[in-house]
Amino acid sequence: MMQDTDTPARGGLARAALRQSLTLARRSVSRLRTVPEETVGFVLQPLIYVTLFVFVMGEAMAGDWRTYRDFALPGIAVQMVVLSTLGTGLALNTDLEKGLFDRFRTLPISRTAPLLGAVLGDLVRYGLSLAVMTAVAAAIGFRPAGGVQGVAAAGALILVFAFSLCWIWTLLGLKARTPSGVQTLATVFLFPLAFGSSVLVDTDDMPGWVRIWAGVNPVTWATDAVRALLSGAPAGREVAGTLLWSAAILAVFLPLAARAYRRRVR
Amino acid sequence: MPSVADRAAPAIVADGLVKRFGGALALDGVSLAAPEGSVLCLLGPNGAGKTTVVRTLTTLLPPDSGRASVAGYDVVREAGRVRAAIGVTGQFTAVDDLMTGTQNLVMVARLGGFSRQAARSRAAELLDLLGLSEAAGRLVRTYSGGMRRRLDLAACLVRRPRVLFLDEPTTGLDPRSRGELWSLVLDVVAKGTTVLLTTQYLEEADRLADDVVVLDRGRVVVTGPPRQLKQRVGGHRVEFHPPDRSRADAVARAATALTGRPAAADGDVVRMNLDEAAAFPDVARRLMDAGLVVGEISLGYPSLDEVFLALTGRPRAGALAEGAADDAGH
């Protein structure tokens with residue numbers, strides 16, 4: 001039986017698939033450099049998030065923007081990346097619609113490389129976004145007690161969490177007919193996730209049924225874990241909860257997305 | 001006249017391809033062949049099954065029954081080998097708007113196994129070949145329609161494919177860009193590549209193809225070289241526009257006498273068919289020598305509607321509905 005690519009050795013196949021994924025991953029990273037509005041958006045996004053939440057809401061929420069800065073920044077970082085993951089599904093849908101995936105499919109490359117490449121490229125973007133946000137946070141005097149180690153651990157955890165969320169939007173991106181369809185569907189899931197959480201306020205202040213949702217919401221778990229890691233407090237329970245959530249989301253959505261992908265690109 | 005298909009080993013063979021989408025029969029037993037180094041043209045209206053044939057031959061769509069091979073490999077069982085031997089442009093240009101021309105080609109080359117260095121030089125070479133060097137560093141979204149098509153073609157050529165598939169490569173292009181693309185395709189063929197292209201224009205088939213397959217509702221209506229097809233359809237359309245109506249009949253009579261082909265006056269226009277475009281200047285000159293002022297003259301190809309009427313004895317599917325829609329639009 002003929003192999004599906006022209007590389008004979010098995011190990012060679014896996015290496016080739018990885019190399020192809022990385023080549024495709026460059027697409028979304030290179031856009032940051034070459035597409036002006038993406039460059040501007042990439043730099044402005046963290047600035048706007050911090051300005052909005054810390055300076056606009058800070059005094060009202062905590063009486064003092066510095067106190068609120070220390071409370072809200074970990075959540076803002078989580079939220080920024082969570083909201084960005086939608087872009088993975090949108091870009092994927094656009095590529096499918098434009099026939100770019102047909103081009104990839106007529107190349108002698110691994111079937112999974114286009115999908116894996118898109119997700120890997122976006123993860124690099126999220127990482128860079130977090131780096132910019134860290135710089136902005138440092139510039140306004142945020143000095144987390146967790147130190148460099150805490151910041152690195154928090155960043156890594158956010159990326160793991162984002163990786164799992166990507167597959168939800170990937171599934172939508174594969175199923176929806178148009179990018180605006182993805183957007184509409186995603187908003188239904190995304191807003192309760194991003195805002196029905198401990199990102200901006202303490203969940204104790206919420207009415208009962210909202211508190212129950214916010215308590216189980218994976219974004220709350222991720223936010224609490226990042227908060228703990230940054231403040232140098234014991235974070236075991238929160239980190240474990242976030243990883244568990246990530247694993248659960250992956251376990252459900254990765255196979256669904258993979259199946260939808262096989263169906264759509266056969 | 002023997003078809004080119006008889007003369008050399010086939011690079012593309014399809015035998016009895018059938019494809020159903022739900023209840024609709026998209027391909028109803030399509031068979032065709034293209035020898036190595038030739039140009040095969042699929043001619044047909046929207047919905048005839050042209051794109052389905054291309055998608056099947058390029059491994060994107062498995063047929064329900066029938067078989068096909070490209071470059072000697074079966075498109076279902078040896079899909080990987082087929083992919084290694086082909087280049088494909090779809091109806092919609094599959095280039096990334098948010099990358100530059102160079103980045104697009106380097107990406108495709110890297111995916112094709114080129115080293116970074118080799119990918120860069122291959123990209124530069126192709127951009128130069130297709131006249132895109134000046135735009136190489138610009139984002140593709142700033143390209144014109146013709147430039148996008150050329151970049152799309154370049155992306156197909158990166159790995160020096162043995163067989164090239166072009167699905168309606170000139171649809172939506174202005175006449176100049178269309179002419180540029182035609183000469184690019186002929187260059188590629190001159191280097192030994194086999195090309196299968198789909199089109200809705202008889203002129204395009206005539207300019208490029210060694211063999212034409214006319215498709216209608218998923219079936220092959222006729223196969224043969226363009227010359228044969230043109231003869232069956234009545235060749236080129238010639239129109240004379242004498243300066244006034246009263247001369248039309250005289251021009252028609254003289255043209256009939258000169259060519260032995262019927263010419264008919266319709267109001268102030270005289271229409272006739274010529275098998276060979278080369279006969280056209282001669283006819284025009286002899287009319288003028290005879291002292292007839294023929295006024296404006298034009299030479300054209302039969303439309304797809306005329307082709308279908310001539311070949312099938314009925315208007316092509318959908319032509320009436322489209323006509324009605326056009327009328328409503330005006």
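The values are calculated or read from the model by the stated rules, or taken from the named source; none is laboratory data. Since we're looking at a predicted model, the values are computed, not measured. Every residue, glycine among them, receives a Cβ derived from its backbone with ideal geometry; neighbour counts consider all protein chains shown.
Applying the criterion of at least 2 residues that are surrounded by fewer than 20 Cβ atoms within 10 Å (Cβ to Cβ) and more than 14 Å from chain B (Cβ to nearest Cβ) to the helices (runs of 4 or more DSSP H) found wholly in region A:37-155 leaves A:58-62, A:65-84, A:113-139.
The residue that is nearest to the other protein chains (Cβ to nearest Cβ), among those in region B:80-104 that are in a helix (DSSP H, G or I) and touching a Phe, Trp or Tyr at 6+ places or on another chain (Cβ under 8 Å), is B:Arg81.
Please find, among B:Arg141, B:Arg110, B:Arg120, the residue that is under 25 Å from A:Glu38 (Cβ atoms), touching a residue at least 12 places away in the same chain (Cβ under 8 Å) and crowded, with 16+ Cβ neighbours inside 10 Å. Let's see the steps before the verdict.
Details: B:Arg141 fails: crowded, with 16+ Cβ neighbours inside 10 Å; B:Arg110 fails: touching a residue at least 12 places away in the same chain (Cβ under 8 Å).
The conditions single out B:Arg120.
All conditions in (1) at pLDDT 95 or above; (2) under 21 Å from A:Ser28 (Cα atoms) hold for B:Ala124, with the sole exception of (2).
Show me the strands (runs of 3 or more DSSP E) found entirely inside region B:218-280 where at least 2 residues are free of Cβ contacts under 8 Å to residues at least 24 places away in the same chain. Show your work before the answer.
Working: elements: B:219-224, B:236-241, B:263-266, B:269-274.
Those strands (runs of 3 or more DSSP E) span B:263-266.
Mind checking whether some residue in region B:282-299 is exposed (fewer than 13 other Cβ atoms within 10 Å of the Cβ), touching a residue at least 24 places away in the same chain (Cβ under 8 Å), out of contact with any strand residue (DSSP E or B) (no Cβ under 7 Å at 6 or more places or on another chain) and more than 30 Å from B:Thr198 (Cβ to Cβ)? No, the conditions are met nowhere in region B:282-299.
Checking region A:204-218 against the condition returns no match, with no residue being in contact (Cβ under 8 Å) with a residue 60 or more places away in the chain and surrounded by 14 or more Cβ atoms within 10 Å (Cβ to Cβ). Only a single item in (1) at pLDDT below 90; (2) over 17 Å from the mean Cα position of the chain (by Cα) is not met by A:Gly87, and it is number (2).
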